[in-house]
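Asks: This is the structure, below, for whatever I ask next.
The values are calculated or read from the model by the stated rules, or taken from the named source; none is laboratory data. From a predicted model like this one, the values you see are computed outputs, not experimental measurements. Neighbour counts are summed over all protein chains in view; Cβ atoms, including those assigned to glycine, are modelled from backbone coordinates with ideal geometry. Accessible surface is based on the protein model in full, side chains and every heavy atom, while ligands, DNA and RNA are left aside. Shrake-Rupley method; radii C 1.70, N 1.55, O 1.52, S 1.80 Å.
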Amino acid sequence: MMDETLLPLLAAPFMGSFAGVLITRLPRRRPVVHARSACESCNVALGPHELLPLLSYGLLRGRCRTCHAPIGFFHTAVELGALMVAITVIGLRGHAPPDMTRLWAGCVLGWTLLALGWIDLRTLRLPDALTLPLLLAGLLTCELTAPAALVDHAVAAMLGYTGFRLVAWAYRGLRGHDGLGQGDAKLLAAAGAWLGSAQLPLLVTGAAIVTLLAAGVMYLVPSSAPRGARTPRIPFGPGLGAVLWVMYLLDSGPWAPS
């Protein structure tokens, strides 16, 4: 009988494939579910054997079967990222008795933040279609794993959103332009739903440090900046998402006591 803790590992490449679809289609307001995947060069619809996560790229040798145009490595990279999320969550569990709710929660949180961070790097936007369900998922996870803390997590979500909106309002008043978007505030609200109020100051501090370090690297190594970036603005979402995921895994992961 297969160990049920391996199910997220098997699901990870498919979730990565779906995350790749979200990353490419949500910013363009294209349909996510009903539109078929097609070659970006010749627009021929892809068959099932061409949509196998992690395998199709190698089987097709990185080229479209119809027009032989090179296939970008983007989708495979996202699938590998999703696989690494699952490996990390399962690996950190160690020999602790499995808590499948927390294990799946850690994976789903990581997969969603992977998509959000990638979108923010590309477009400087965090779509409501991901941040708002992530907030609800955080409250649901709290209800399932620590119901006594649900009120605190709901309050943390409100504090996170309100706090960042006030900071954004003050920044715009002082500088005359936006420094934080509504998407950042909604992502912090989601973080509050996952972590609770006591963790918010540490989360924001950690995310600020990570973002400043990334900005320093981009300043010193211009080639490391996101491709297609039109402004010198640095997205806050990737740093916030990375620190949120790490804090959740360390504080409430599948190895944490019930």
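Asks: In square nanometres and to one decimal, what's the mean projected area of the convex hull around the Cα atoms of the stretch 77-214?
Replies: Projected over every direction and averaged, the Cα hull of the stretch 77-214 covers 9.3 nm².
Asks: Moving on. Hey, with R₀ at 22 Å, roughly what FRET efficiency would A198 and T101 work out to, going by the Cβ-Cβ distance, to 0.05?
Replies: Efficiency, from the Cβ-Cβ distance: 0.55.
Asks: Something else: At 7 Å along the Cα-to-beta-carbon direction for both R28 and D128, put a label point, then send me their distance in nm to one decimal.
Replies: Between R28 and D128, the label points sit 2.3 nm apart.
Asks: Full extension from R63 to M218: what is 0.36 nm times the residue separation minus their Cα-Cα distance, to one decimal in nm?
Replies: 52.7 nm
Asks: Accessible surface of V243 in the full protein assembly, 1.4 angstrom probe, to the nearest 10 Å²?
Replies: Counting only protein heavy atoms, the figure is 20 Å².
Asks: Starting from the residue with the highest accessible area, list M158, M15, M100 in decreasing order, probe 1.4 Å.
Replies: In descending accessible area the options line up as M158, M15, M100.
Asks: Please give the length that would be gained between V246 and A208 if that part of the chain were fully extended, namely 0.36 nm times their separation in residues minus their C-alpha to C-alpha distance (nm, one decimal).
Replies: Gain in length upon complete extension: 12.2 nm.
Asks: Between L52 and L80, with labels modelled 7 Å along Cα→Cβ, what's the label distance in nm to one decimal, could you check?
Replies: 1.9 nm
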